[in-house]
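The values are calculated or read from the model by the stated rules, or taken from the named source; none is laboratory data. On a predicted model such as this, the values are computed, not experimentally measured, just so you know. Cβ coordinates were reconstructed from backbone atoms using ideal geometry, including for glycine residues, and neighbour counts include every protein chain displayed.
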Amino acid sequence: MSEFTESTTPAAFDPSDHTHRRWNPLSRSHVLCSPHRTKRPWQGAQEAKEANTLPSYDEKCYLCPGNARAGGALQNEKYEATFLFENDFAALKPEAVAPIPEGVEGNAHPLLQSSPARGRCYVLCFNPSHNITIAQLTSAPYSAETHIVPIINAWVEAYTKIHRENPFVKYIQIFENKGSAMGCSNPHPHGQIWSMDYIPEEPHRELESMRDYANDQKNLGCAKDQFGRPSLLLTYAQLEMSLPNTPRVITQNDDFVGLVPWWGIWPFEVMILPHKRQIPSLLEMNESERANLASILGETTCRLDNIFDCSFPYSMGIHQRPIPATVDDLCQYAQFHMHFYPPLLRSASVRKFLVGFELMGEPQRDLTPEQAATRIRDCSTKHYLQRDQ
C-alpha cells in the first residue's frame, strides 16, 4: 500500500472532478458523487440491446386489443386508445382482513410486527400498437396532444374512479417499468396503477419532508403553496430555472420543468416538476397543464431514447396527493411530480448496479447530474427511429 501524504495546500474544490456528497431534501438522504470514476475501464456484464423489430400487433401478446389475457380466462377489449383493467396477478387484494390478534405471529413481539394490507392493482395499456412507446409519441405521425394526453386523462380517471369504488383506498401509485432491464415482462406499452389502504414508504417520506419544509420558519422567503406556506418542490423547480446556464435543466414549458435532480442517484435520473404553482395531484390540473405535461413527458422520454439510440429502460413513478378526506394533514403539502430512474450508464448495453457500498452504505454515482443533463439536453426531440421519416 502506498503511503499517503496530505498536501499542505488543498486543491480548490471542483465538483466535476472531486468526490463529494449531495443532500436529498425529499428522501432525507445523501448520495456520494465520484466523477473521476467515469474514466475507469468496464469489463463487467452488458445488457442485450432490445431489437426494434416488434410488430404493431402480436397475436401472442396478452395486452394487444382483442387478445386473451394472461391465464386465458379473460379477453381484452378491442380498444383504440387506452385500456384499463384489473391486474390478473395483483400484489394487493381488496378483501378486508381482521387485525392480527395479540400473541399471534405478526403481533407477538415488538420486533416481529405486521399488519394486513389491502388494495387493488390495475394495468393501463397506453396505446393499441404493440411496438410504440411514449418516447415515440411526440414525433410525426404522432403528437403529444393526440396520443399522450389520453394517457394522462386515463390516469386522472383512474385516480377518481378507484377511490370512489374503493373508499378504503388512501394512496394510488402510478408507475411504468419500461424494458426488460427493469423487469418488464411484456414490451406492449403499458403502466400499472396500484391502490392501497396506506401511504407507501417513499411518498410518505417525501410528504413528511414537504410538510417540515413548509413549517420551517427559515423558509418563509421561498415559493409559496396555495395556502401561502413555503413549498419545497416549487422552490426547488424555480431555483433550478433561475441558476446561470441552468446546468441541470433539460427542458421546460409554461407549466413544467424537466431536470436531472441535484441529488440524483441513477446516471440519467430525471424529475418532472410544476414550476408555476402548487399542483397537488393530476386531478387539479387544467386542460392546458395536462397538455403541457404530455408535451414534456414525451419530449423527455424521447431525449432519453436518443442518448444511445435505443429504447431507454426506466422505472417511472408519479408522486402526488394521497386520496383526500381519508388521511392526515400530509395531503395539503403534496406537490405532483414524476421520477424517472433509468439504469443505463455508458452505453445501451452497460448499466448501473446498486450493489456493495450502495446497498451497505449509501448510494453512489460517477457521472455528475450536470454532465448527465448536458448529455440529455443535447439530444434531439425527434425520435431516432423516426429521423428518416
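Checked against the criteria, Glu77 counts as farther than 24 Å from Pro313 by Cα, part of a loop (DSSP other than H, G, I, E, B) and either at pLDDT 95 or above or not β-branched (Val, Ile, Thr) (or both). Of all residues in the stretch 323-338, none satisfies being charged (D, E, K, R) and touching a helix residue (DSSP H, G or I) at 6+ places or on another chain (Cβ under 6 Å). In the stretch 122-160, the qualifying residues are those that are more than 24 Å from Pro280 (Cβ to Cβ), in contact with a Gly (Cβ under 9 Å, 6 or more places away or on another chain) and among the small types (Gly, Ala, Ser), and the one that is modelled with the lowest pLDDT is Ser139.
Taken over the stretch 96-121, the criterion of being at pLDDT 95 or above and farther than 30 Å from Leu137 by Cα is satisfied by Ala117, Arg118, Gly119. Scanning for something in a loop (DSSP other than H, G, I, E, B), at pLDDT below 95 and over 28 Å from the mean Cα position of the chain (by Cα), does the stretch 63-72 turn up at least one residue? Scanning the stretch 63-72, I find at least one residue that is in a loop (DSSP other than H, G, I, E, B), at pLDDT below 95 and over 28 Å from the mean Cα position of the chain (by Cα), so the answer is yes.
Could you say whether any residue in the stretch 131-144 is farther than 19 Å from Gly298 by Cβ, within 18 Å of the chain's Cα centre (by Cα), part of a loop (DSSP other than H, G, I, E, B) and in contact (Cβ under 8 Å) with a residue 24 or more places away in the chain? Checking the stretch 131-144: not a single residue is farther than 19 Å from Gly298 by Cβ, within 18 Å of the chain's Cα centre (by Cα), part of a loop (DSSP other than H, G, I, E, B) and in contact (Cβ under 8 Å) with a residue 24 or more places away in the chain.
Applying the selection to the stretch 231-272, what residues are of a type in the set (Gly, Ala, Ser) and more than 18 Å from Thr301 (Cα to Cα)? Walk me through how you get there before you give the answer.
Initially, the stretch 231-272 is screened for residues of a type in the set (Gly, Ala, Ser), giving 231, 237, 242, 258, 264.
If the condition is that a residue be of a type in the set (Gly, Ala, Ser) and more than 18 Å from Thr301 (Cα to Cα), then Ser231, Ala237, Ser242 are the ones that fit.
When the stretch 361-389 is limited to residues that are acidic (Asp, Glu), in a loop (DSSP other than H, G, I, E, B) and under 20 Å from Trp23 (Cβ atoms), the one that is modelled with the lowest pLDDT turns out to be Asp366. Residues that are of a type in the set (S, T, N, Q) and either within 24 Å of Glu86 (Cβ to Cβ) or within 22 Å of the chain's Cα centre (by Cα) (or both) within the stretch 177-233 comprise Asn177, Ser180, Ser185, Asn186, Gln192, Ser195, Ser209, Ser231, listed in sequence order. Contact annotation: residue pairs with Cβ atoms under 7 Å, 6 or more positions apart or on different chains, pairing a residue in the stretch 229-241 that is more than 15 Å from Pro280 (Cα to Cα) with a partner that is hydroxyl-bearing (Ser, Thr, Tyr) and modelled with pLDDT of 95 or more, are Glu240/Thr246. Whenever a residue of the stretch 339-360 is farther than 13 Å from Gly264 by Cα and modelled with pLDDT of 95 or more, it has no partner that is aromatic (Phe, Trp, Tyr) and in a loop (DSSP other than H, G, I, E, B) lying with C-beta atoms less than 6 angstrom away and at least six residues away or across chains.
At least 2 residues that are closer than 28 Å to Ser380 by Cα in each: list the helices (runs of 4 or more DSSP H) lying fully within the stretch 189-308 that qualify. Quick ask: steps written out before the conclusion?
Values: elements: 201-214, 232-242, 287-307.
Qualifying helices (runs of 4 or more DSSP H): 232-242, 287-307.
Here Leu385 clears all of (1) more than 30 Å from Tyr171 (Cα to Cα); (2) within 21 Å of the chain's Cα centre (by Cα); (3) crowded, with 16+ Cβ neighbours inside 10 Å except the condition numbered (2).
Of the residues Gly183, Gly179, only one is under 27 Å from Tyr122 (Cβ atoms), surrounded by 20 or more Cβ atoms within 10 Å (Cβ to Cβ) and modelled with pLDDT under 95; which? Let's see the steps before the verdict.
On the way: Gly183 fails: surrounded by 20 or more Cβ atoms within 10 Å (Cβ to Cβ).
Checking each option against the conditions leaves just Gly179.
Residues in the stretch 83-104 that are touching a Cys at 6+ places or on another chain (Cβ under 6 Å) and within 28 Å of Val149 (Cβ to Cβ): Phe83, Asn87, Ala90.
The residue that is nearest to the chain's Cα centre (by Cα), counting only those in the stretch 1-44 that are among the small types (Gly, Ala, Ser) and modelled with pLDDT of 95 or more, is Ser27. Condition first: assigned to a loop (DSSP other than H, G, I, E, B), aromatic (Phe, Trp, Tyr) and over 22 Å from Ser209 (Cα atoms). Can you find one or more residues in the stretch 309-326 that meet it? Scanning the stretch 309-326, I find at least one residue that is assigned to a loop (DSSP other than H, G, I, E, B), aromatic (Phe, Trp, Tyr) and over 22 Å from Ser209 (Cα atoms), so the answer is yes.
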